[in-house]
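Take a look at the structure below.
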Amino acid sequence: MFEVIGERINTSRKLVQAAVADRNADYIIDDVKKQQDAGANFIDVNAGARIGHEKEDMCWLLDTIQPIATVPLTLDSPDPTILEMAFLMVEKTPMINSISLEKDRFDTMMPFLEGKECKVIALCMDDSGMPISSDDIANRATALVESLNKIGIPTASIYIDPLVQPISTDVNKGTMVLNAVRAIKNSFPQVHITGGLSNISYGLPQRKMINRTFVTLMMDAGMDSAIIDPLDSKIMATIRTVDMLLGKDSFCMEYLKGVRSGMIQS
Amino acid sequence: MTDFNKIKETLVSLDVQHLIELVNEALKKGTSAVDILNDGLIAGMDIVGEKMENEDMFIPEVLMAAQAMSQCVEILKPLLGDEGSSTKGNVIIGTVKGDLHDIGKNLVSMMMESAGMEVYNLGVDIAPEDFVSQIREKNAQIVCLSALLTTTMPMMKLTVDAIVEAGLRDQVKILVGGAPVTQEFADEIGADGFAADAGSASKLAKKLAA
């Protein structure tokens, strides 16, 4: 089944930033509960936006969220010292967001990840910038999987982010990432494919229409996770329906459950 | 007498073939290439920029308009001579050090070029000292800094600081932009302006360069 990484607890969102600054635990708890109820499989926690306060903000957020978390957390920071602290604070095996092939990021994240039991998001980004072709994306994914395997992280714990790019600037950006996902899943059937989806619709109107249609195509290509807002009920309904159509929902149980709860409506 | 409104409207409606015909007709009638460029094409792109700002036009349409414009500029180029090279300002643009995002910055760059400015697009991952040396070399009046990550926003401040330290602050206006950037942040780091999209960035640059 598709795994949703709930993106809402991020201090670059205005209301979250205010809640963190005011140490408003009720707001954060309420938001996390809503994401869990909506079907989030992970809760991403990013405390990076209040510059100079990341460590204490992350610490407070985890203290606040941990007691009510029913799903694992995604620890989202570029700073290994903050991740080390966060790693010790969580109960369930966390997901780390993220490593990439950018030299600084790679060199600081590899020693952090070595020997740890965790899942990890691996971005197909390197020092030359965003990938420019399907082969480019697939080659970067291969490099990431092979490096992470070497330090003991199994392929099934790796979530490759192929980096979705805006179709508004180049109409081939959709097929580029779709073909890359097929190639990656072909080379590594065990690996997960995740990422943000909304970049695809940047610069165009009616973005959610594009995002929902795109996730359907991506899931057919092999995407089995995404970093999204679980409170967007339409995309959640689409994802659950696609899971069924791709034969991942035994006896259509989850689909029917979704219909009965009112989450899925045509 | 050339109807510049017709050229503007045709550019905005993205009818490339017709636009090229109109430009050729105007030249035949004896309208100067400079006037066609300024009163027709650049004025038309101003409307495109405004429509983009108001979400009446979208990125693919803006790209198509810019492409149509540059096809026409190719026709005008041999006739522009020195007159055409008197631009509306030299602009340095780049994504700050540590940040590799380029799409938004390239759109801004394209809109400013279409507005008749001389734009030097330095690329991504540009260190403060490289912005400084390029300001000197290109004698820039406008510097545009892009950052798409909360982690690279502090680099914008360091870049502004480097420009101050180099003694170039009075020579240039500094504009900042990118998804996480706000007017408040622009004020905080001592930049001269902020724009939320490529259309308004271009408008603001023209205003500040004037």
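Readers should treat all values here as calculations from the given coordinates under stated rules, not as data from a laboratory. If you're wondering where the values come from, they're calculated on a predicted model, not measured in any experiment. Quick reminder, even Gly has a Cβ in these numbers, built from the backbone with ideal geometry, and neighbours come from all protein chains shown.
Need the list of lysines near A:K33 for cross-linking: C-alpha distance under 29 angstrom, and skip anything on the same chain fewer than eight residues off.
Here the lysines satisfying the reach criterion relative to A:K33 are A:K14, A:K55, A:K92, A:K116, A:K119, A:K208, A:K234, A:K248, A:K257.
Just report the Cα centroid separation between the range B:1-34 and the range A:16-64, whole Å.
Using only Cα atoms to place each centre, the spacing works out to 56 Å.
Among bridges DSSP assigns within the protein assembly as shown, what percent are antiparallel (round to 5)?
Details: 1 of 45 bridges.
Restricted to the protein assembly as shown, the bridges split so that about 0 percent are antiparallel.
Lys/Arg Cβ at +1, Asp/Glu Cβ at -1, dipole of the range B:90-209 taken about the Cα centre: which of B:A147, B:I135, B:M112 is farthest positive-ward?
B:M112
Run the quick spin-label model on A:L217 and B:A179: label points 7 Å from Cα toward the beta carbon, then report their separation in nm to one decimal.
Taking the simple label geometry, A:L217 and B:A179 are separated by 2.0 nm.
Give the average over all directions of the projected area of the C-alpha convex hull of the protein assembly as shown, one decimal, in nm². List each step's numbers first, then the result.
Working: hull surface 98.4 nm².
The directionally averaged projection comes out at 24.6 nm².
Using θ = phi - 60° and the Karplus relation 6.51 cos²θ - 1.76 cosθ + 1.60, list the HN-Hα couplings for the range A:247-252 in order, rounded to whole Hz, with x at every Gly or Pro.
x, 9, 10, 4, 6, 6
Given C-alpha coordinates of the range B:4-85, what is the ratio Rg to Rh with the Kirkwood estimate of Rh? Don't jump to the answer; show the numbers that get you there.
On the way: Rg = 12.2 Å, Rh = 12.6 Å.
My calculation puts Rg/Rh at 0.97.
Summing +1 for each Lys or Arg and -1 for each Asp or Glu, what net charge is found among the other residues whose Cβ lies under 11 Å from the Cβ of B:L41?
Values: positive: B:K8; negative: B:D35, B:D39, B:D46.
Taking every other residue near B:L41 into account, the sum is -2.
Give me the percent of DSSP beta bridges within chain A that run antiparallel, rounded to the nearest 5.
Details: 1 of 27 bridges.
Of all bridge pairs located within chain A, approximately 5 percent are antiparallel.
Students often forget the sequence filter, so: which aspartates and glutamates lie under 18 Å Cα-Cα from B:K28 once same-chain residues fewer than 8 apart are removed?
The qualifying aspartates and glutamates are B:D3, B:D39, B:E74.
Quick one, can you get me the convex hull of the C-alpha atoms of chain A expressed as volume per residue in Å³?
On the way: hull volume 35.2 nm³, N = 266.
Dividing the Cα hull volume of chain A by its residues yields 132 Å³.
Taking θ as phi - 60°, what are the ³J(HN,Hα) couplings along the range A:254-265 by the Karplus curve (6.51, -1.76, 1.60), each to the nearest whole Hz, with x for Gly and Pro?
The phi angles translate into 5, 4, 5, 4, x, 5, 5, 7, x, 6, 9, 9 Hz.
Considering every residue in B:150-157, what mean count of other chain Cβ atoms within 10 Å of its Cβ is obtained? Write down the numbers at each step before the final one.
Details: counts 10, 7, 0, 3, 2, 0, 0, 1.
Averaged over the peptide's residues, the number is 3.
Compute log10 of I(q)/I(0) for the range A:1-101 with the Debye formula, placing one identical point scatterer on every Cα and leaving out solvent, at q = 0.18, 0.24 Å⁻¹, to two decimals.
Calculated log10 I(q)/I(0) at the listed q: -0.77, -1.42.
Compare the peptides A:250-262, B:129-141 by average per-residue count of other Cβ atoms within 10 angstrom and give them in order, highest first.
Details: A:250-262: 13.2, B:129-141: 17.1.
Highest to lowest by the protection proxy: B:129-141, A:250-262.
With only Lys, Arg, Asp and Glu charged, each at its Cβ (+1 for the first two, -1 for the last two), find how big the charge dipole of chain A is about the Cα centre; round to the nearest 20 debye. Display every interim value, and only then the final one.
Working: 26 positive and 35 negative charges, 173 e Å.
Approximately 840 debye in magnitude.
Just tell me which lysines come within less than 16 Å, Cα to Cα, of B:K88; anything on the same chain fewer than 8 places away is out.
B:K138, B:K173, B:K203, B:K206, B:K207
What's the magnitude of the charge dipole for the protein assembly as shown around its Cα centre, counting Lys and Arg as +1 and Asp and Glu as -1 at the beta-carbon? Answer in Debye, nearest 20. Don't skip to the answer; put the middle values down first.
Numbers: 43 positive and 67 negative charges, 181 e Å.
Dipole of the protein assembly as shown, to the nearest 20 debye: 880 debye.
May I ask you to evaluate 6.51 cos²θ - 1.76 cosθ + 1.60, the Karplus curve with θ = phi - 60°, for each residue of the range B:26-38 and list the ³J(HN,Hα) values in order in whole Hz, giving x for glycine and proline?
For the range B:26-38, the Karplus-derived couplings read 4, 5, 4, 6, x, 5, 6, 4, 4, 5, 4, 5, 6 Hz, x marking Gly and Pro.
Treat each spin label as a single point 7 Å out from the Cα along the C-beta direction, and report the A:K55 to A:R182 distance in nm.
4.9 nm
Take every Cα pair under 8 Å in chain B that's 6+ residues apart, average their separations, divide by the length, and report that relative contact order as a whole percent. If you can, show how the numbers build up before the last one.
Values: 345 pairs, mean separation 42.8, N = 210.
Relative CO of chain B lands at 20 percent.
Could you give the angle, 0 to 90 degrees to the nearest 10, between helix B:128-138's Cα long axis and the longest principal axis of the Cα atoms of chain B?
The helix B:128-138 is inclined about 40 degrees to chain B.
Using the Cα centre of chain B as origin and beta-carbon charges of +1 (Lys, Arg) and -1 (Asp, Glu), tell me which of B:N90, B:A195, B:I59 is placed farthest towards the positive end of the dipole.
Going by the charge dipole, the pick is B:N90.
With labels modelled as points extended 7 Å from the Cα through the Cβ direction, what inter-label distance (nm, one decimal) is found for B:K77 paired with B:Y120?
Roughly 2.1 nm, to one decimal.
Around B:K203, with a cut-off of 9 angstrom between Cβ atoms, what is the net charge of the other residues, counting Lys and Arg +1 and Asp and Glu -1?
Numbers: positive: B:K206, B:K207; negative: B:D46, B:E50, B:E53.
Net charge around B:K203: -1.
Where the centre of each part is set by its Cα atoms, how far does the range A:120-167 sit from the range B:137-182, in angstrom?
First find each Cα centre; the distance between them is then 31 Å.
Stretched out fully, how many nm does the piece from A:K34 to A:M130 gain, at 0.36 nm a residue minus the Cα gap? Let's see the in-between values first.
On the way: separation 96, 0.36 × 96 = 34.56 nm, distance 3.36 nm.
Working it through step by step, the gained length comes to 31.2 nm.
Taking the Cα centre of the range A:114-266 as the origin, how large is its charge dipole in debye, to the nearest 20, when only Lys and Arg (+1) and Asp and Glu (-1) carry charge on their Cβ atoms? Let's see the in-between values first.
On the way: 15 positive and 16 negative charges, 111 e Å.
Once rounded to the nearest 20, the dipole reads 540 debye.
With all pairs of different alpha carbon atoms counted, what Kirkwood hydrodynamic radius in Å does the range A:109-243 show?
15.3 Å
Starting with the highest mean, order B:93-104, B:149-160 by the number of other Cβ atoms within 10 Å, averaged over the residues of each peptide. Write out the running numbers ahead of the final one.
Details: B:93-104: 22.7, B:149-160: 20.3.
Peptide ranking by packing, descending: B:93-104, B:149-160.
Pull up all non-local amide H partners of A:I9: gap of 5 or more, or a different chain, and H-to-H distance under 5 Å with H placed in the peptide plane.
The list, which skips near neighbours in sequence, is A:D44.
Could you order peptides B:16-24, B:115-123, A:63-71 by the average number of other Cβ atoms within 10 Å of their residues, highest first? Before the final figure, lay out each step's value.
Numbers: B:16-24: 17.4, B:115-123: 19.7, A:63-71: 15.4.
Packing order, densest peptide first, comes out as B:115-123, B:16-24, A:63-71.
Using only Cα atoms, find the angle between the long axis of helix B:103-114 and the longest principal axis of chain B, and express it within 0 to 90 degrees, rounded to the nearest 10.
The helix B:103-114 is inclined about 50 degrees to chain B.
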